[in-house]
Amino acid sequence: MTLRKISKDQPERFEFDTKNLEEVKNIIKKYPEGKQQSAVMSLLYLAQKQNDNWIPLSAMKHIGKLLEMPYIKVYEVATFYSMYNLTPVGKNFIQVCTTTPCMIRGAGKIVEACKEKISENENELSKDKNCSWMEVECLGACINAPMMQINDDYYEDLDKEKALMILDDIIKGKTPKPGSYRGRINSEPENNRKTLLDVKNA
């Protein structure tokens, strides 16, 4: 298992803002008495969204106090799951799937595009501090491989040329259209292929 990198630059304090504190209370209410610690993942995600898409150590400690949970237990959860960012990321956060289906269909070329346009190393901010990228495990869009996720949007059926085009738009402050870059609707079969056929009409 790859060790998760923790940012050296840590804010001294973290507290949920008024809006998110209300959401915290609503999340905790969903769990039975004595099981409130089960809300830890949701609270970590909320803290990440509030704090420019990364979680500082002070947020983990704050969540531990709210849930009456040892800080080390919150830390264990945050460092185990790759969906939690433990270092600052760019305003545009690019995640490139390099799991087997994407890998065999050219994910390496998408990684090359990120190195050329954003930074040579993953988890490293671009020169303008607006973008960062990283390799991740399966994002659940295997049939549309290779693909990458930018913030909340999926960009699928890519090659290096299309990835470079998308990254150029992101760098220019544009929002490229998410979805398939081969013109597919969702995950529909290509070339009129079908998974199930009526034998009489085949």
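Since every read-out is calculated from the coordinates, none of them should be taken as a lab result. Every value quoted in this text rests on a predicted model; they were computed, and no experiment measured them. No Cβ is skipped: glycine too gets one built from the backbone with ideal geometry, and neighbour counts run over all protein chains shown.
With respect to the chain, whose longest principal axis is taken over its alpha-carbon atoms, helix 18-29 is tilted by about 90°. Applying 1/(1 + (r/R0)^6) with R0 = 25 Å to the Cβ-Cβ distance of residue 26 and residue 137 gives a FRET efficiency near 0.25.
Simple point charges give the picture: +1 on the Cβ of Lys and Arg, -1 on the Cβ of Asp and Glu, and for the chain a dipole about the Cα centre of about 240 debye. Note that segment 161-168 has calculated 3J(HN,Hα) couplings of 4, 5, 5, 4, 4, 5, 5, 4 Hz, one per residue in order, obtained from phi through the Karplus relation 6.51 cos²θ - 1.76 cosθ + 1.60 (θ = phi - 60°); glycine and proline are x.
Cysteines of the chain lacking any other cysteine Cβ under 4.7 Å from their own Cβ: 114, 131, 138, 142.
A Förster distance of 25 Å, applied to the separation of the beta-carbon atoms of residue 191 and residue 116, puts the FRET efficiency at 0.20.
Out of these labelled values of mean projected area of the Cα convex hull in nm², (1) 12.1; (2) 15.4; (3) 11.3, which was calculated from the coordinates shown here? Correct label, based on the coordinates given: (2).
Once the Cβ-Cβ distance of residue 18 and residue 73 is raised to the sixth power relative to R0 = 35 Å, the FRET efficiency obtained is 0.85.
Roughly how big is segment 92-180's charge dipole about its Cα centre, with Cβ charges of +1 (Lys, Arg) and -1 (Asp, Glu), in debye to the nearest 20?
Computed about the Cα centre, the dipole is about 200 debye.
Return the subset of 30/91; 115/160; 8/127 for which the Cα-Cα distance in this structure is over 22 Å, preserving the input order. Violating the 22 Å limit, Cα to Cα: 30/91. For residue 7, project a label point 7 Å along Cα to C-beta. Then give me every residue of segment 42-57 with its amide nitrogen under 12 Å of that point. Of the residues in segment 42-57, 48-57 have backbone N under 12 Å from the label point off residue 7. Evaluating 6.51 cos²θ - 1.76 cosθ + 1.60 at θ = phi - 60° for every residue in segment 84-91, the Karplus couplings come out as 9, 8, 9, 9, x, 10, x, 4 Hz, glycine and proline recorded as x. Just 191, 26, 51 to compare: in a GNM of the chain, with alpha carbon springs under 10 Å, which one fluctuates most? Judging by the Gaussian network model, the answer is 191. Ranking of 182, 105 by neighbouring Cβ atoms within 10 Å, starting from the fewest: 182, 105. Ellipticity at 222 nm from helices only: DSSP H runs of n ≥ 4 in the chain, each -39500 (n - 2.57), divided by the residue count, give -10500 deg cm²/dmol.
Residues in segment 37-50 carry Karplus couplings, in order, of 5, 5, 7, 4, 5, 5, 5, 4, 5, 5, 5, 4, 5, 6 Hz; the curve used is 6.51 cos²θ - 1.76 cosθ + 1.60 with θ = phi - 60°, and Gly or Pro positions show x.
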